[in-house]
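The values are calculated or read from the model by the stated rules, or taken from the named source; none is laboratory data. Quick caveat: nothing in here was measured; it's all calculated off a predicted structure. Because the Cβ atoms are built from the backbone with ideal geometry, glycine has one as well, and the counts that use them run over all protein chains shown. The protein model used for the area step is the full one, side chains on, heavy atoms only, and it has no ligands, DNA or RNA in it. Shrake-Rupley method; radii C 1.70, N 1.55, O 1.52, S 1.80 Å.
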Amino acid sequence: MSIAQRLQHILTTIPDTVTLVAVSKTKPIEAIQEAYDAGQRIFGENKIQEMAEKYEQLPKDIKWHMIGHLQSNKVKYMAHFVDLIHGVDSFKTLKEINKQAKKHNRTIHCLLQAKIAQEETKFGLPFSEIRDILSSDELKELTNVKIDGLMGMASFTADSIQVQKEFDSIHSLFVELNTEDAPLTTLSIGMSGDYQLAITSGSTMIRVGSAIFGAR
Ligand SMILES: *Cc1c(COP(=O)(O)O)cnc(C)c1O
């Protein structure tokens, strides 16, 4: 199957209410252009410099999502164009994003990454710290960032009951935090191997790479 066919296949199997982020990390410009020509406009990358280079070379109506772990000192390289930052896992990073967004007179949309996997290696904030950040007065001072919701990565396991449990836990947190005063729009869970499961757990945004572009 071609990239366009794989994209089409995924789009026909997910609800209209779920946004597809095509994860193009490590893939060449030509592959992204092929997905673009098939109508895809949202792409995800996990390295800031790689994303910035691709931004320069590709059509400007692409929405670029940063899905990887963030280094504060590199936020400045994407502050002028990034559409959504998924992997925010500290208040310090949020402050840096705010500072860089201000320089460009923009508001940068962010998701807080929640730790839901059992594995030590997965990044993310404990639920208690997410609650603390969202209710803090310091957050109100960050006028150039907007927290749209949460992002999570499930354990890398074939045990779908475990994965479902982890998705359900972040969905409960999302429901708890999604108040009338501070509505949240986005729950970013689900990748190539588990996006169907994530959608049954309430995902509103899936990040799919290899199922579109092939193995990396
Ligand atoms: C690479 C990556 C994905 C996509 O993974 P696939 O299994 O190729 O779909 C999704 N989210 C994050 C954070 C990633 O780093």
* Asked: Among the numbered criteria (1) buried (at least 16 other Cβ atoms within 10 Å of the Cβ); (2) within 16 Å of the ligand (Cβ to nearest atom); (3) not in a helix (DSSP H, G or I), which single criterion is violated by T26?
  -> (1)
* Asked: Hey, does segment 55-69 have a residue that's at pLDDT 95 or above, more than 30 Å from T157 (Cα to Cα), outside any loop (DSSP other than H, G, I, E, B) and touching a Phe, Trp or Tyr at 6+ places or on another chain (Cβ under 9 Å)?
  -> yes
* Structure fact -> Flagged in segment 102-132 as surrounded by fewer than 18 Cβ atoms within 10 Å (Cβ to Cβ) and touching a residue at least 40 places away in the same chain (Cβ under 8 Å), in numbering order, are K102, Q118, F123, R131
* Single condition T12 does not satisfy, out of (1) open to solvent by less than 50 Å² (accessible area, probe 1.4 Å); (2) hydroxyl-bearing (S, T, Y); (3) without any contact (Cβ under 8 Å) to a residue 24 or more places away in the chain -> (1)
* Structure fact -> Of the listed residues (Q71, Q33, Q57, Q5), the one being polar (S, T, N, Q) and touching a helix residue (DSSP H, G or I) at 6+ places or on another chain (Cβ under 7 Å) is Q57
* (1) open to solvent by 30 Å² or more (accessible area, probe 1.4 Å); (2) in contact (Cβ under 8 Å) with a residue 12 or more places away in the chain; (3) more than 13 Å from A117 (Cα to Cα): which one isn't true of P183, the others all being true? -> (2)
* When residues of segment 74-96 are limited to those that are out of contact with any helix residue (DSSP H, G or I) (no Cβ under 6 Å at 6 or more places or on another chain), within 16 Å of the ligand (Cβ to nearest atom) and assigned to a loop (DSSP other than H, G, I, E, B), the one farthest from K27 (Cα to Cα) -> D89
* **Elements of type helices (runs of 4 or more DSSP H) in segment 106-216, at least 3 residues being aliphatic (A, V, I, L, M) and in contact with a Leu (Cβ under 7 Å, 6 or more places away or on another chain)** => 127-135, 160-177
* Asked: Which number in (1) open to solvent by 30 Å² or more (accessible area, probe 1.4 Å); (2) among the charged types (D, E, K, R); (3) within 13 Å of the ligand (Cβ to nearest atom) marks the one condition that K99 misses?
  -> (3)
* Asked: Residue check: is T186 more than 8 Å from the ligand (Cβ to nearest atom), polar (S, T, N, Q) and out of contact with any Gly (no Cβ under 6 Å at 6 or more places or on another chain)?
  -> no
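In this structure, is H69 more than 30 Å from Q162 (Cα to Cα) and surrounded by fewer than 22 Cβ atoms within 10 Å (Cβ to Cβ)?
In short, no.
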* Counting just the residues of segment 153-170 that are within 14 Å of the ligand (Cβ to nearest atom) and hydroxyl-bearing (S, T, Y), which one comes out least open to solvent (accessible area, probe 1.4 Å)? -> S155
* Which ones in segment 32-49 are assigned to a helix (DSSP H, G or I), open to solvent by 30 Å² or more (accessible area, probe 1.4 Å) and over 17 Å from A211 (Cα atoms)? -> D37, Q49
* Asked: What single numbered condition from (1) more than 9 Å from the ligand (Cβ to nearest atom); (2) closer than 24 Å to A31 by Cβ fails to hold for L173?
  -> (2)
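Picking from L125, L70, L112, which residue would you name as being more than 22 Å from T19 (Cβ to Cβ) and under 15 Å from the mean Cα position of the chain (by Cα)? Reasoning before the result, please.
Working: L70 fails: more than 22 Å from T19 (Cβ to Cβ); L112 fails: more than 22 Å from T19 (Cβ to Cβ).
Result: L125 is the single residue among L125, L70, L112 that is more than 22 Å from T19 (Cβ to Cβ) and under 15 Å from the mean Cα position of the chain (by Cα).
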